[in-house]
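Undergrad: I am attaching a structure below and will ask some questions about it afterwards.
The values are calculated or read from the model by the stated rules, or taken from the named source; none is laboratory data. Every value quoted in this text rests on a predicted model; they were computed, and no experiment measured them. For neighbour counting, all protein chains shown are included, and Cβ atoms are generated from backbone atoms with ideal geometry for every residue, glycine included.
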Amino acid sequence: MSHVLIIAEHDGSQLNASTAKTVNCAAGIDGATITIAVLGSGIDSVATQAAAIAGVSKVITVDRSENAQPLTANFAPQIAELAAAYDCIFGPSTTFGKDLMPAVAALLDTEQVSDIMEVTGPRSFKRPVYAGNAILNVDVADGAKIVATVRTASYKAASDGGSASVEAAASLSAVLPDHSRYIELQSEAGERPDLQTAKLVISGGRGVGSKENFDIVYKLADKLGAGVGASRAAVDAGYVSNDMQVGQTGKIIAPDLYMAFGISGAIQHLTGIKDAGTIVAINKDPEAAIFEIADIGLVGDLFEIIPELEQKL
Amino acid sequence: MKTIMVCLKRVVDYNVRIRVKPDGSGVVTDGLKMSINPFDEIALEEALRIKERGEAESVVVVSIGPGDCQQQLRTGLAMGADRAVLIECDTDISPLIAAKVLLKQVEKEQPGLVLLGKQAIDDDCNQTGQMLATLWQRPQATFASKLEIAGSVATVTREVDAGLEIIEVDLPAVVTSDLRLNEPRYVKLPDIMKAKKKPMETIAIADFGVDLGSQLTASKWEAPAERSKGIRVKDVDALISALKEKELV
Ligand SMILES: Cc1cc2nc3c(=O)[nH]c(=O)nc-3n(C[C@H](O)[C@H](O)[C@H](O)COP(=O)(O)OP(=O)(O)OC[C@H]3O[C@@H](n4cnc5c(N)ncnc54)[C@H](O)[C@@H]3O)c2cc1C
Ligand SMILES: Nc1ncnc2c1ncn2[C@@H]1O[C@H](COP(=O)(O)O)[C@@H](O)[C@H]1O
């Protein structure tokens, strides 16, 4: 029997889909009982959403004003204290979880398994290394707590239909430091589907050429109800904002359909899309590396192809 | 501040395509081009800029690894670091152990700022900076794309999934670099010559008294699953019918 504690990711009102994906990963551990911890301020509705995930037996909340923003300096000591009663402490491999979980691991004097992509035994996992060019099998020693992040692109979200109990955590004694202060979040997130959960993603690279030219990518995406992504080169050049970067150091995504326009297919980009159902590549260079992994390739000029697609679809 | 400490890891160059050994005992690294982890090069560049603005007196680069890491440390010195410390270690160590060892060096150096890369592109762990900050009981600001220092406070812009998050941390602190923090300078030949005269200290990892035993065992490496070979279509109409066939549009 393995008691798993999952740290919920949320924005104060909505539970992030990464949480239900992390639950699905934890459910792969034989005999796991799953508890979700929600830290925040005014989080009743988030706790209700967490309790509705199938397979979750309990939701514990730590509701206090200091938790209004997810600062690792504040969250980690509270989670380390909650962790006493659990064998495994899992978080999503999103920027939230990547920032937080190693701090939790260090407080527990435990090593961390990053980016679990498969559970292969009660204490055994697969994880990608070298930008996904190799897969490593790791075993965690008996007796050690398992602190891990879960590669969300490897898991579908656990379904709804659960009815876990929700209770406030017993008061914690962890002393919170005052050396870190949250200032603000600058977000350009608009109406388009979130990259990490979108079923269709349209991406543009350096080949799109400018911020203005990206409008044709948005137009096609909006016609299809798709999320919009980009290569690092497109972000660096200022065509789009950083949260749209797909790849090793951006978002790892798994849409049913990924369409890449003017992206060459550097390995750091490809590692972010390997789990896509179907990859379509449009590039004017027939030798572009992206064609090696694309399911459907079309050689041509994106400035002709995108408008034609938009018109005909 | 007096000192900025920058951690440099020696890794297989990001342009090299890695292959798994047929027996699954690791990846082939013999004879491959080795470099400073790209994120660490960015971290060092940032430290140098802070020093050049007059906000720090010196920059020390630290690496844990085999004797060959001297090459990467020398490159760091040629970029402009003042001193290098090689903590010699012939086995792979996990981020937690690296953080424990780096903490001992931090205690010696008493830096006002420690800069690391957000992740090493070999193990892709993304842990060491966060662990070091936690063990040191000092603030962390990860995935930095902008770093401003005013007296004893750093304001850091962080690249997060939802956009850009801004936090303020008291110094000393640990900051990990993201790609857009800066573009590292090129090393010029005269700087390489000058770097040969800069001090490089070597310490055996055993001298730090940190238990190197790990709770994690790497049992087997595998090649990733290949995607099956795709098709080429000749025009937009053929693309649309291929997508319709798969019921994707
Ligand atoms: C440590 C590290 C991490 C990285 N992480 C990431 C990451 O997370 N994500 C990422 O994307 N990259 C990442 N990179 C960068 C990566 O190596 C590449 O530089 C980047 O992906 C290139 O972007 P691109 O394909 O848009 O640009 P380019 O490589 O310049 O390719 C542009 C393509 O557009 C095509 N093109 C031009 N005009 C047209 C046209 N009119 N019609 C059709 N095609 C056209 C060209 O033929 C070319 O193939 C990382 C690099 C490093 C070192
Ligand atoms: N052996 C090492 N020597 C020096 N720095 C290291 C070492 N291992 C990790 N680091 C630093 O920690 C960062 C994150 O590494 P990781 O947690 O392994 O992804 C790297 O970018 C380096 O700055």
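Undergrad: Scan the stretch A:237-257 residue by residue and report those that are at positive phi and away from chain B (no Cβ under 12 Å).
TA: none
Undergrad: Looking at the structure I just gave you, is A:Ile263 in a loop (DSSP other than H, G, I, E, B) and not hydroxyl-bearing (Ser, Thr, Tyr)?
TA: In short, yes.
Undergrad: Which of the residues that make up the stretch A:266-277 are surrounded by fewer than 22 Cβ atoms within 10 Å (Cβ to Cβ) and either within 21 Å of B:Leu239 (Cα to Cα) or away from ligand 2 (no atom under 16 Å from the Cβ) (or both)?
TA: The answer is A:Ala266, A:Ile267, A:Lys274, A:Asp275, A:Gly277.
Undergrad: To continue, here is another question. Sort out which residues of the stretch B:218-240 are hydroxyl-bearing (Ser, Thr, Tyr) and surrounded by 12 or more Cβ atoms within 10 Å (Cβ to Cβ), and write them in order of number.
TA: B:Ser219
Undergrad: Mind counting the residues in the stretch A:103-116 that are more than 8 Å from chain B (Cβ to nearest Cβ) and surrounded by 22 or more Cβ atoms within 10 Å (Cβ to Cβ)?
TA: So the count comes out to 2.
Undergrad: Let me ask you something else. Among the numbered conditions (1) near ligand 1 (Cβ under 8 Å from one of its atoms); (2) of a type in the set (D, E, K, R); (3) surrounded by fewer than 21 Cβ atoms within 10 Å (Cβ to Cβ), tell me where A:Asp236 comes up short.
TA: Unmet for A:Asp236, out of (1) near ligand 1 (Cβ under 8 Å from one of its atoms); (2) of a type in the set (D, E, K, R); (3) surrounded by fewer than 21 Cβ atoms within 10 Å (Cβ to Cβ): (1).
Undergrad: I'm trying to understand the selection: among the residues of the stretch B:26-58, which are modelled with pLDDT of 95 or more, away from ligand 1 (no atom under 16 Å from the Cβ) and hydroxyl-bearing (Ser, Thr, Tyr)?
TA: Once the filter is applied, which keeps residues that are modelled with pLDDT of 95 or more, away from ligand 1 (no atom under 16 Å from the Cβ) and hydroxyl-bearing (Ser, Thr, Tyr), the stretch B:26-58 yields only B:Ser58.
Undergrad: Residue under question is B:Leu132, and the condition is that it be in contact with a strand residue (DSSP E or B) (Cβ under 7 Å, 6 or more places away or on another chain) and within 11 Å of chain A (Cβ to nearest Cβ); does it hold?
TA: So B:Leu132 fits the description; yes.
Undergrad: Separate question: Scanning the stretch A:277-313 for residues that are assigned to a loop (DSSP other than H, G, I, E, B) and closer than 20 Å to B:Ser241 by Cβ, which turns out nearest to the chain's Cα centre (by Cα)?
TA: Top of the filtered list is A:Gly277.
Undergrad: Another question about this same structure. Considering only residues of the stretch A:93-110 that are more than 16 Å from the chain's Cα centre (by Cα) and assigned to a loop (DSSP other than H, G, I, E, B), which is farthest from B:Gln137 (Cα to Cα)?
TA: A:Thr110
Undergrad: Can you tell me which residue in the stretch A:121-174 is nearest to A:Asn24 (Cα to Cα), limited to those that are within 14 Å of chain B (Cβ to nearest Cβ) and of a type in the set (Lys, Arg)?
TA: A:Arg151
Undergrad: Right, here's the next one. Can you go through A:Ile6, A:Ile43 and tell me which one is at pLDDT 95 or above, under 24 Å from A:Ala144 (Cβ atoms) and β-branched (Val, Ile, Thr)?
TA: A:Ile6
Undergrad: Looking at B:Ile121, B:Ile97, B:Ile93, can you tell me which residue is within 16 Å of ligand 1 (Cβ to nearest atom) and within 14 Å of chain A (Cβ to nearest Cβ)?
TA: Among B:Ile121, B:Ile97, B:Ile93, only B:Ile121 is within 16 Å of ligand 1 (Cβ to nearest atom) and within 14 Å of chain A (Cβ to nearest Cβ).
Undergrad: Looking only at the stretch A:38-92, count how many residues are of a type outside the set (Val, Ile, Thr) and farther than 23 Å from A:Arg181 by Cβ.
TA: Going through the stretch A:38-92 one residue at a time, the tally reaches 20.
Undergrad: Checking the conditions here, which among B:Ser94, B:Ser35 is within 10 Å of ligand 2 (Cβ to nearest atom) and surrounded by fewer than 23 Cβ atoms within 10 Å (Cβ to Cβ)?
TA: B:Ser94
Undergrad: Let me ask you something else. Taking the stretch A:177-218 only, how many residues are within 16 Å of ligand 1 (Cβ to nearest atom) and either within 16 Å of A:Ile279 (Cα to Cα) or touching a helix residue (DSSP H, G or I) at 6+ places or on another chain (Cβ under 8 Å) (or both)?
TA: Count: 14.
Undergrad: Give the stretch A:21-40 a look and list any residue that's under 17 Å from A:Pro92 (Cα atoms) and either modelled with pLDDT under 95 or not in a strand (DSSP E or B) (or both), or say none.
TA: Those that are under 17 Å from A:Pro92 (Cα atoms) and either modelled with pLDDT under 95 or not in a strand (DSSP E or B) (or both): A:Lys21, A:Thr22, A:Val23, A:Asn24, A:Cys25, A:Ala26, A:Ala27, A:Gly28, A:Ile29.
Undergrad: Only residues in the stretch B:63-80 that are more than 14 Å from chain A (Cβ to nearest Cβ) count as the first member; pair them with residues that are charged (D, E, K, R) and away from ligand 2 (no atom under 11 Å from the Cβ), Cβ under 6 angstrom, at least 6 apart or cross-chain, and list the lot.
TA: From the stretch B:63-80, the pairs are B:Pro66/B:Asp90; B:Leu77/B:Lys198; B:Ala78/B:Asp191.
Undergrad: With the checklist (1) farther than 19 Å from A:Ala141 by Cα; (2) within 14 Å of chain B (Cβ to nearest Cβ); (3) not β-branched (Val, Ile, Thr) in hand, flag the one item A:Ala83 doesn't pass.
TA: (1)
Undergrad: Report whether or not A:Gly227 is over 25 Å from the mean Cα position of the chain (by Cα), more than 30 Å from B:Ser152 (Cα to Cα) and within 16 Å of ligand 1 (Cβ to nearest atom).
TA: It is false that A:Gly227 is over 25 Å from the mean Cα position of the chain (by Cα), more than 30 Å from B:Ser152 (Cα to Cα) and within 16 Å of ligand 1 (Cβ to nearest atom).
Undergrad: Ok, one more. Out of all the residues in the stretch A:200-236, which are part of a loop (DSSP other than H, G, I, E, B) and either β-branched (Val, Ile, Thr) or within 11 Å of chain B (Cβ to nearest Cβ) (or both)?
TA: Result: A:Gly225, A:Ala226.
Undergrad: Is it the case, given these coordinates, that B:Arg232 is facing another protein chain (nearest Cβ under 7 Å), under 24 Å from A:Asp275 (Cα atoms) and outside any strand (DSSP E or B)?
TA: no
Undergrad: Where in the stretch B:105-199 are the strands (runs of 3 or more DSSP E), entirely inside, with at least 1 residues that are touching a Ser or Thr at 6+ places or on another chain (Cβ under 8 Å) and away from ligand 2 (no atom under 16 Å from the Cβ)?
TA: Output list reads B:140-150, B:153-160, B:163-170.
Undergrad: Let me ask something else about it. Looking at the stretch B:29-42, which of its residues are within 17 Å of B:Asp124 (Cα to Cα), within 14 Å of chain A (Cβ to nearest Cβ) and not charged (D, E, K, R)?
TA: Once the filter is applied, which keeps residues that are within 17 Å of B:Asp124 (Cα to Cα), within 14 Å of chain A (Cβ to nearest Cβ) and not charged (D, E, K, R), the stretch B:29-42 yields B:Thr29, B:Met34, B:Ser35, B:Asn37, B:Pro38, B:Phe39, B:Ile42.
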